[in-house]
Structures are given as structure tokens and as C-alpha cells.
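Here's the structure, in C-alpha cells; my notes come after.
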Amino acid sequence: MSGKSISILVALGAVLLIGSTRIAWSVLFSPGSEDLHTAPQEASSAFADIEHAYVSDDSPNPPGSRPDGSTIGHVDSDITASGWSAEDIEAYMSRRTLFRDKLRAFVSGDDDLSTKERKNKAASLIDEVRRQEGEGEIVPPQSVFLQAAILRAAYADDETALRARVTALKEEYRSRPRNPPPPDPVFEEFKRREKLIVDDAMARTEFPGGLSRKEFLQEELNALQSELYPPPEG
Amino acid sequence: MLINPKILVIASMVVLAPLRVSAETGDYSSWQAFFNLFFPPGADNPVTNAEATAADYPLLDNPAGFNDGFSRGDYYKWQTVQLHPTTGAMCSNGSPYKFFINRVPTTRNTVFYFEGGGACWDYPGCTGADGVRSARNRDGIPDDYVGAGSPETDLVSPFIFRLHPYTRAKTQDWNLVYVPYCTGDVYSGDELGVYTDEGGSGETIMFRHNGVKNVRAAVAWMKNNMPRPGQLLMTGCSAGGAGSFTNYHPTRRDMDATKNFLINDSGPIFPTDRNGPVSANPSQRLHEQIISAWGLSEVFDYLQNELVMFNQHNLGTLNTALALNYLNDRLGHVGYQRDENYSSYSYERFFDEISNEPDPEKRRDLILEKWAVDTQKFADLLNTLPNYGGYFPYFRDLNESHCATIVDFENGDIQERNLELADFVDSVLDGGGPVIDAKEADTVSDEAKPFNAVYALVNLLLGF
């Protein structure tokens with residue numbers, strides 16, 4: 001048995017112990033749960049960051065992956081079924097926890113920062129938003145939205161500057177090129193033959209089997225779709 | 001032998017996480033959530049033979065051997081789920097349909113978010129010709145649709161934006177299902193549109209109003225690949241709101257969650273007597289148009305078979321039917337009284353005095369007069385249904401006051417009742433007793449609010 005396997009087994013054992021204790025505690029003290037409900041009602045602030053970390057991600061791609069979903073670098077598929085390595089998940093959760101907490105505190109104005117400090121903090125948060133966007137962890141509309149929320153919090157006392165920055169942000173994102181989807185030869189063939197069917201149907205005055213023009217079109221197009229998109233063999 | 005401390009950290013995080021929060025129906029125990037990382041749960045409520053072979057709108061999943069692209073253990077990641085055309089799913093142009101899922105290991109709870117995006121029922125509308133308000137994604141759904149960020153405002157809805165900077169919704173921690181819109185029929189149609197450019201080129205287009213089958217195929221896939229939700233929310237704005245509403249009964253029935261919620265944002269199917277006077281039933285012409293163009297009679301026959309209170313002579317009776325058929329569900333409708341978007345779709349092309357009015361402001365006012373009639377009737381109806389609340393704030397300086405739950409839940413307040421939109425959302429998702437009903441009387445305060453940088457930006461991005 002390899003060192004890594006032993007490590008996983010020991011980790012599993014440790015967590016089993018924690019989990020068993022946790023379950024026993026829930027059974028003894030939980031205020032009555034229904035089918036899937038097991039946790040107690042009271043919260044423990046000691047675990048606030050843990051919970052935040054676990055539920056805070058909105059990434060379209062896991063850490064260590066490119067925006068197209070392909071993977072960069074090492075991924076240990078033995079660790080979780082997701083294909084993320086433990087290092088990936090830990091780094092990801094920690095970063096997201098910290099960021100979401102910072103972001104919400106800043107946007108809510110729940111701090112004692114001076115005007116200058118707020119602007120510096122805003123710049124720092126926007127850098128992080130842009131980094132996450134660059135790594136594909138958030139998608140462009142989410143990035144723009146987060147940046148706008150940060151700017152609003154930073155420039156609440158300077159409407160002119162706020163408008164200027166928001167406008168600049170808009171222009172920047174609008175000027176970005178969008179890549180068209182790659183061509184789909186099957187669909188292109190479908191549309192080519194669909195047009196032939198439509199032209200034929202519109203030119204006809206009579207249709208087989210007493211069908212209406214729409215029924216004829218429906219039948220022909222369904223047949224075309226079945227031909228070009230057959231179920232997989234086997 | 002070394003213990004990898006990082007593995008312990010991750011595992012412990014999962015095991016201990018729920019200690020700090022109140023778990024709800026549908027949340028996994030910490031122990032189960034931990035195992036889900038290694039053994040992602042699959043289906044426990046699969047499509048039955050009866051559902052798969054039903055005479056009307058069967059649940060048809062992908063054929064065996066088809067690669068849907070889904071990886072069961074890819075948590076916290078938007079994944080594209082491909083649906084094979086044999087499921088009956090396709091976009092208006094005949095391209096394959098797909099939807100998107102972002103799952104978590106900590107809960108079974110699931111939100112179906114239906115994308116908004118207009119509607120169409122003729123050549124100008126379904127091609128966007130002549131500047132007519134049209135329908136989204138007429139060219140189909142790219143595989144990277146969500147990853148590339150195309151749905152813009154929908155993706156920052158607090159219901160599905162886990163990192164939302166200032167609005168919290170409990171669904172942010174749920175499994176997210178993003179149902180894209182590409183059929184121009186508020187997810188309700190079942191008809192091949194054959195539309196010809198009568199006054200111009202003579203071109204004829206095929207436009208598949210295939211919304212119902214798309215939703216049915218997505219539900220079939222969900223049942224065969226994901227656990228049964230403890231809690232299920234169906235929601236969306238505009239066309240998405242309407243779609244969440246019209247598909248609520250069959251989806252809720254088949255997903256079979258323990259607790260079920262609907263929040264229809266700005267996609268009302270107003271109470272409208274199809275045989276009554278138009279002045280008292282302003283949406284009558286719209287309803288007649290879409291019943292014909294989208295093949296709604298067949299779809300509504302299907303609904304009427306199971307919802308006895310639903311009467312096709314008044315499509316708005318579907319509201320009553322859902323509330324009475326599902327007395328333990330909590331349902332909500334939210335929409336602005338100054339919604340200039342859905343109202344325009346509803347009346348602008350159906351009343352000559354509106355379409356011929358050259359002054360945009362007068363045209364808007366004529367539209368909103370009719371909207372007020374419909375809105376009041378709707379609010380009166382919802383007032384009679386305890387488990388179905390109606391929330392009607394006046395104005396928001398965003399997206400033509402259209403859609404209350406996109407971007408954030410702010411500026412949806414009803415000042416004279418001291419209510420915020422979040423109160424209404426909480427009333428639906430977490431409340432007890434009757435769901436809040438509120439219609440704002442103050443027509444001044446909402447328009448006197450200060451500049452909002454976020455809204456300004458979103459308005460700019462949307463081109464308003």
C-alpha cells in the first residue's frame with residue numbers, strides 16, 4: 001500500500017471519528033429533524049469561515065483549469081470524485097472565503113476606513129475580481145457586477161468620479177471581442193437541407209396523404225432530424 | 001507514514017460545516033456530505049416506465065450511450081448538459097438543446113432558474129425585423145453559453161449568484177439548474193411556427209416553439225442523474241417567470257420534492273376572460289395570439305386533465321388551480337406596476353391606438369394604463385389565495401422596471417408597508433401562514449431615489 005493510500009485511510013479514519021461524534025451529538029441534542037435534516041439550530045462562530053468556504057464558490061471552472069475547462073497542471077483524481085486535488089480545493093476554498101467576507105464587508109460599509117483607504121481597498125478588490133475572471137472562476141457579467149458594486153461603495157461621496165469609472169468599465173467590456181461558437185458541420189447540413197424542404201413545401205399546392213403544408217413540413221423535418229441526429233449505436 | 005494535513009482539513013471542513021448553521025430539509029448531514037465528495041450521489045427518483053411512456057409529454061431521457069457531458073463529481077462548476085434530439089428537446093432553429101447545472105455536495109435542494117428573453121409569434125418578432133421586440137437565442141445555445149457569460153443579468157440574480165456581494169438568498173447554496181431560453185414561447189409551446197415575410201422578401205422561416213418538451217427533457221435528465229430535492233424552487237424573470245409558472249405543475253409533480261416553491265418574477269399570466277370585453281381584459285388579444293401560434297390548446301388540455309380548476313377560457317385560472325391543487329406549496333408572484341417591457345409585449349402590437357401613437361411617452365402611458373387594469377385584477381385574485389402571494393412595487397430604475405429579482409433585491413420596497421422585496425422572498429421560501437400580499441400605492445418615492453451606480457452600469461450594458 002502506498003504512502004498516499006495510507007494517508008487517505010488515516011484521514012478517513014480521523015474524519016470517521018469526528019463524524020461519529022458529530023452524529024451521536026446530533027442524535028442526542030438535535031431538536032427533532034425530518035428525513036434529511038440533521039444539524040442543530042445553534043451556530044458556532046468558530047466554524048463560520050469553514051461554512052463560508054464550503055458554500056461560497058460560483059466558479060465555472062475549478063482552480064487549476066482554464067476557462068474552457070481543460071486542466072492546467074497536476075490533478076490527483078484519487079482525492080475526490082471531482083478531479084480536484086486537495087491542494088486545489090484548499091487553496092480555492094480559502095481564497096473564496098476570504099474574498100467573499102472581505103467583499104461583503106466592504107460593500108456593506110462595515111468598516112472604519114478613511115476615504116483614501118477605501119479607494120485603495122477598492123482597487124485591491126477589483127484586482128482580485130479581475131484575477132478570478134481571468135482564471136475563469138467567475139464569468140464576465142459577474143465580474144462587471146462585482147466591480148460596479150465595489151466602485152459604488154468606494155465612490156459613494158463622489159458621483160462624478162463614480163459615473164466616470166462606471167462608464168469606463170462599460171466601455172472596456174463592450175470593446176472586448178466575443179468568440180463565435182465553432183462551426184457545427186452536422187447542424188450546417190441540417191440547415192442546408194431544411195431550406196430545401198421548406199422551399200419545396202412552399203412551392204407545392206398539394207401534399208401527400210392529405211397532409212396540410214405544416215404537417216408535411218413537420219414530417220419532413222422530423223425525418224431529417226432523425227437522419228442527422230441518430231441515437232448512438234450500441 | 002505521513003498524514004496529509006490538507007486532506008484532513010478538507011474532510012473536516014465538510015464534516016463540521018453544518019455545525020454552525022441551521023440545516024434545512026434537503027441538506028445532507030455532515031457525514032453524508034463528506035462522502036459525497038468521494039461518491040457523488042446519483043438518482044434516487046428515476047423516471048418510471050409510466051412517466052417515460054405517458055401519452056402526453058412523456059419524460060424522455062437521453063438514449064443509452066449518448067455523452068451528455070456531465071461529470072457527477074464536478075462540484076461548484078457550471079456544467080453543460082447536452083440533450084439528444086430524441087428526447088424531443090431542441091431550439092427554435094432545430095439545433096440541439098442543452099441546459100446548465102452547478103451542483104454542490106452539501107444539499108439535495110435545487111433551484112430551476114428559467115432564463116428570460118422576450119417572446120415571438122410571427123415573422124417580425126421571430127426574426128427581430130423592423131425593430132420589433134423579439135426573443136432570445138434564436139440561433140440556439142452555444143456549449144459555453146454560461147461560461148462565456150452571455151445571459152448577463154440572469155447570471156447575477158441573487159437566486160443563482162453564490163458570490164453576490166450584498167443580497168443573500170438561501171438558494172445560493174443549492175444545486176443550480178440554469179434552463180436557457182431559445183424557443184420564443186415562454187417555455188410553454190408545442191408548435192412548429194411557419195412564418196413568412198409577407199410584406200418583404202417572402203422568406204419563410206421554421207421556428208420551433210418547443211418549450212414544453214425542452215423542460216420535460218431537462219426534468220427527465222434531472223430525475224435520472226440527480227437526487228430528489230428536499231426543497232425545490234422554480235423561478236425566473238419575464239419569459240422565465242412565465243415558464244416557471246406554466247411548467248410548475250408537471251415539474252413539481254415529477255421532481256417530487258418535499259417542499260416546493262414558485263417565484264414568478266414579472267411573467268404574469270393575467271386573469272383574462274377570453275369571451276369578455278377587451279376593455280376589462282386587456283391581455284385577451286395576446287392570449288388568443290399565443291394560443292394559436294404556440295399550440296397552447298394541446299399543452300393546456302394536458303394541464304387541464306390534472307388541474308380541475310384550470311379553465312382554458314381564462315388562462316389566468318392556472319394561478320388559482322396551482323394554489324388550490326398544492327395547498328402546502330408556497331407560491332409568489334412579483335412584478336413592477338411600471339413594467340414597460342412585458343406590458344409592451346402584451347399590448348403594443350394588439351391595439352391600433354397604441355401602435356399608431358407616434359409619441360413614445362404617450363404610447364408608454366397607453367400601455368401602462370392597460371397594464372394597471374391587468375395588474376389590479378391579478379392582485380385582487382392573489383389576495384384570495386393564502387398560499388400564493390402577490391408583490392407589486394411601483395418602479396425601479398433598471399431594465400424598464402422589468403424583473404425584480406435580477407441584479408439584486410434592492411429598490412423593490414413598498415414604503416407604506418415597510419416591506420422590502422427580500423421580505424417577500426423570505427415569506428415565500430421561509431415563511432409560515434399566508435404568503436405576503438402587497439401592492440404599492442405610493443407612486444412618487446420610487447422615482448425619487450438617488451443615482452445607483454450598479455443599475456446605471458447594468459442599464460448601460462443593456463443599452464437602455
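The values are calculated or read from the model by the stated rules, or taken from the named source; none is laboratory data. These numbers were taken from a predicted model, which means no experiment stands behind them. Every residue, glycine among them, receives a Cβ derived from its backbone with ideal geometry; neighbour counts consider all protein chains shown.
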Run down B:Asn281, B:Asn275 and say which single residue is touching a Lys or Arg at 6+ places or on another chain (Cβ under 8 Å) and farther than 30 Å from B:Asp430 by Cβ. B:Asn281
What's the number of the condition A:Val186 fails, among (1) without any contact (Cβ under 8 Å) to a residue 12 or more places away in the chain; (2) within 12 Å of another protein chain (Cβ to nearest Cβ); (3) exposed (fewer than 14 other Cβ atoms within 10 Å of the Cβ)? (1)
If the requirement is being surrounded by 14 or more Cβ atoms within 10 Å (Cβ to Cβ) and in contact with an Asp or Glu (Cβ under 7 Å, 6 or more places away or on another chain), which of these qualifies: B:Asn36, B:Asn62? B:Asn62
Contacts under 6 angstrom Cβ, first residue in segment B:170-195 being farther than 30 Å from B:Glu288 by Cα and at pLDDT below 95, partner among the basic types (Lys, Arg) and part of a loop (DSSP other than H, G, I, E, B), 6 or more apart: B:Gln172/B:Arg162
Failed condition for A:Val139, given (1) in contact (Cβ under 8 Å) with a residue 60 or more places away in the chain; (2) more than 9 Å from every other protein chain (Cβ to nearest Cβ): (2)
Return the residue satisfying two criteria in turn: it lies in segment B:397-435 and is among the acidic types (Asp, Glu) and touching a Pro at 6+ places or on another chain (Cβ under 8 Å), and of such residues it is nearest to B:Arg162 (Cα to Cα). B:Asp408
Is at least one residue of segment B:208-230 within 14 Å of chain A (Cβ to nearest Cβ), under 15 Å from B:Gly125 (Cβ atoms) and in contact (Cβ under 8 Å) with a residue 24 or more places away in the chain? yes
Any hit, segment B:391-399, residues being within 14 Å of chain A (Cβ to nearest Cβ) and on the phi > 0 side of the Ramachandran plot: yes
Residues of segment A:180-213 being of a type in the set (Lys, Arg) and assigned to a loop (DSSP other than H, G, I, E, B), in sequence order, are A:Arg204
For segment B:354-363, state whether one or more residues are assigned to a helix (DSSP H, G or I) and touching a strand residue (DSSP E or B) at 6+ places or on another chain (Cβ under 8 Å). no
When both residues are 6+ apart or on different chains and their Cβ atoms are under 6 Å apart, which pairs have a first residue that lies in segment A:169-183 and is farther than 23 Å from B:Val458 by Cβ, and a second that is surrounded by 10 or more Cβ atoms within 10 Å (Cβ to Cβ) and modelled with pLDDT of 85 or more? A:Pro181/B:Pro142
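Rundown of residues vs (1) touching a residue at least 12 places away in the same chain (Cβ under 8 Å); (2) buried (at least 18 other Cβ atoms within 10 Å of the Cβ); (3) under 20 Å from the mean Cα position of the chain (by Cα), yes/no style:
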residue: B:Ala55; (1), (2), (3): no, no, no
residue: B:Trp78; (1), (2), (3): yes, yes, yes
residue: B:His84; (1), (2), (3): yes, yes, no
residue: B:Tyr97; (1), (2), (3): yes, yes, yes
residue: B:Arg103; (1), (2), (3): yes, yes, yes
Subset of segment B:294-347, residues part of a helix (DSSP H, G or I) and touching a strand residue (DSSP E or B) at 6+ places or on another chain (Cβ under 6 Å), comes to B:Thr317, B:Ala323
Which count do you get for residues in segment B:38-94 that are assigned to a loop (DSSP other than H, G, I, E, B), among the aromatic types (Phe, Trp, Tyr), at the interface with another protein chain (Cβ under 7 Å from one of its Cβ atoms) and in contact with a Gly (Cβ under 9 Å, 6 or more places away or on another chain)? 2
Need at least 1 residues that are under 24 Å from B:Pro229 (Cα atoms) and of a type outside the set (Lys, Arg) per element, so show me which strands (runs of 3 or more DSSP E) inside segment B:95-202 make the cut, counting only ones lying wholly within it. B:98-102, B:110-114, B:175-179
